[in-house]
Amino acid sequence: MKQFFVTMLGVFAGLLVFFVILPVIFLVVLMAAAAGASKPTTPANTVLELDLRQGLSDQTPSNPFAMLGSGTSVMRVVDVLAQAENDGNVKALLIRAPEGGMTPAHADELRQAIRRFAKSGKPVLAHSQGFMPSGAVVSSYMVAASADELWMQDTASFQATGLSSDAMFLGRAGEKYGVRADFEQRYEYKNAVNEMTESDFTAPHREAMLAWMGSVHNNALAAIAADRKIAPEVVKQVVEAGPYTAPEALEKKLIDRIGHVEEAEAYLKEKAGKGSKIVSFSSYASGKTHRSGTSSKAKSAVAIIGGEGSIMTGRGGSDSLFGGSSDIRSDDMARAIYQAIEDKDVKAIVFRVSSPGGSPDASEQILAALRAAQKAGKPVVVSMGAYAASGGYWISSEADWIVAQPSTITGSIGVFGGKVVFADALARFGVDVRNLSVGGDEAAAYTVTRPFNQAERASLSASMDRIYQQFVERVARGRKLSPERVHEIARGRVWTGSQAKELGLVDQLGGVTEAVEKARQLANIPTAEGVRFKYYPTPQNPWEALAMAFGASGEAAQTFVRVGRILGDPTAEAVIERIRTEQMRAGGAAVLAEQHAF
């Protein structure tokens, strides 16, 4: 029996090595080799193909393994298109338009990047296999319409007629099945709670939804009218009167030509010149740096710090080898900001925020770090992505300058809190939930066995009032508005970037390109001097990602990294040194912060 278990253990270990460890090492070797190799040469007469059908994140994850098999990011597209604009080998751009909807603010930023590329005189063609009624499809059409020519497949349908949004209300279901949502909200527009408590839109909920949806729709139509050179009232009338077949869309001048994508490719290759080739965006981007215009010789630097997802306390993102961070951890973000503060070459910070909100405490930790940057004489410019709402606006509120897209969802200056009581629902299935507690009167305030009592509700209400007041104070201070004015435009309501600019919650409409330029101005960096860009959190190399995934001081991590050192990857040596540093820290040693080369 003992021999059997020994044999099985050996078989299991062998399978683990063969199916997990060896493939990971092989993958790392390939990535390290690619990173260490010279940058790939772009073929002469390249037609760059940007496929937007797979979806986009706002920012590129710092973990290199998280990028495998995933789509690209809006930030990456903006950066690489700016470089392709000045690349003599790139002769044209082909855009594969998505059939469904696209995040409106992302569409705004992509449109701006495409228009900048087109100004270089290189032809831009967008090809569509249809615009289907899914989400903000009018935003997808807006991106495609920004091209010099828009082609559509002959069998495709044009159904970009407006913007629609469904909401699922659980109020009646809760009453029927014994589930009680017990919440407090500040104030009537903080409508995330409504879907748990109501059976229909409340009047403020409906008002806010229709207002921002109308703003997104109208922004898209205005951009389409400008790019298609058609009167805005005509575009509105024609688009909203759809849907259309491809021939009908051509007749209405919503597209320029009917044809298959292969025909579009051949058309652009002919324009690009003899021997031209179609090169995918991912292949072209693999050899490009983060931002065009970076001067390695420039002394002054602008830090670009990115945060995407819900805002939470603590640290995160290192426990999964192939998982990218989907939230903003306050310790990680504050550390990144302080690294930028301590770097003497960094003269200003561009903080890219794409977050629907989260913990007020985590948000305040990040805001405090940004205040420290300002105190150190480093201006902070916020670039808002898809959304910067609730906690996302909290961390943005005291910036020296705020840039948002016309369709960025922002504001939502408010708070909610509470619990869901399941005891009655579970009891109907014979599951009895009981609670015991010791200590203070409110020790069991958040038990799921009963609603809040009078004292507990008073305490929750006071907490909501306090957090809301703190939020208003920060916005008033940062935006130079009276608290009374902030309360008037706050109350939990969301706004688009266009609306927020009119209200004073945003300073400028645009994307990260405009934010970088403003940071340069605020830091008094002359244009002729040039500027470098430093990215935080620092992107990981493959060996570092392995070390973090298996534990920075673990034997497994050291084994993987030593493989890299044997293979001659210089980055592996740096990670070995970092592991030693972490081990010394764990032993109580005072170790100076690591020095990074950029």
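The values are calculated or read from the model by the stated rules, or taken from the named source; none is laboratory data. Since this is a predicted model, take the numbers as computed values, not measurements. As a convention, Cβ positions derive from the backbone with ideal geometry for all residues, glycine included, and neighbour counts pool all protein chains shown. All accessible areas refer to the heavy atoms of the entire protein, side chains included, with ligands and DNA or RNA removed. Shrake-Rupley method; radii C 1.70, N 1.55, O 1.52, S 1.80 Å.
Remarks
- All helices (runs of 4 or more DSSP H) inside region 245-308 with 3 or more residues being open to solvent by 40 Å² or more (accessible area, probe 1.4 Å), in contact with an Asp or Glu (Cβ under 7 Å, 6 or more places away or on another chain) and modelled with pLDDT of 90 or more: none
- Candidates 461, 407 - the one that is in a helix (DSSP H, G or I) and either among the aromatic types (Phe, Trp, Tyr) or open to solvent by less than 40 Å² (accessible area, probe 1.4 Å) (or both): 461
- Hits in region 107-158 - residues which are in a strand (DSSP E or B) and among the β-branched types (Val, Ile, Thr): 124
- Picking from residues in region 414-434 that are open to solvent by 70 Å² or more (accessible area, probe 1.4 Å) and within 23 Å of residue 183 (Cβ to Cβ), the one that is farthest from the chain's Cα centre (by Cα) is 428.
Let's see how each residue does on (1) open to solvent by 10 Å² or more (accessible area, probe 1.4 Å); (2) among the β-branched types (Val, Ile, Thr):
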residue	(1), (2)
373	no, no
377	yes, no
384	no, no
391	no, no
402	no, yes
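- Close pairs from region 368-389: first within 18 Å of residue 339 (Cβ to Cβ), partner of a type in the set (Gly, Ala, Ser) and open to solvent by 20 Å² or more (accessible area, probe 1.4 Å), Cβ under 8 Å, at least 6 apart: 378/523; 379/523
- In the condition set (1) among the charged types (D, E, K, R); (2) part of a helix (DSSP H, G or I); (3) open to solvent by 40 Å² or more (accessible area, probe 1.4 Å); (4) within 19 Å of residue 386 (Cβ to Cβ), residue 79 is compliant with all but (3).
- Among the criteria (1) at pLDDT below 95; (2) closer than 28 Å to residue 511 by Cβ; (3) surrounded by fewer than 18 Cβ atoms within 10 Å (Cβ to Cβ), the one residue 101 does not fulfil is (3).
- Qualifying residue in region 443-453 (condition: open to solvent by 30 Å² or more (accessible area, probe 1.4 Å), under 23 Å from residue 502 (Cα atoms) and either at pLDDT below 95 or polar (S, T, N, Q) (or both)): no
- Criterion violated by residue 567 - all others in (1) open to solvent by 40 Å² or more (accessible area, probe 1.4 Å); (2) in contact with a helix residue (DSSP H, G or I) (Cβ under 7 Å, 6 or more places away or on another chain); (3) at pLDDT 50 or above; (4) not polar (S, T, N, Q) satisfied: (3)
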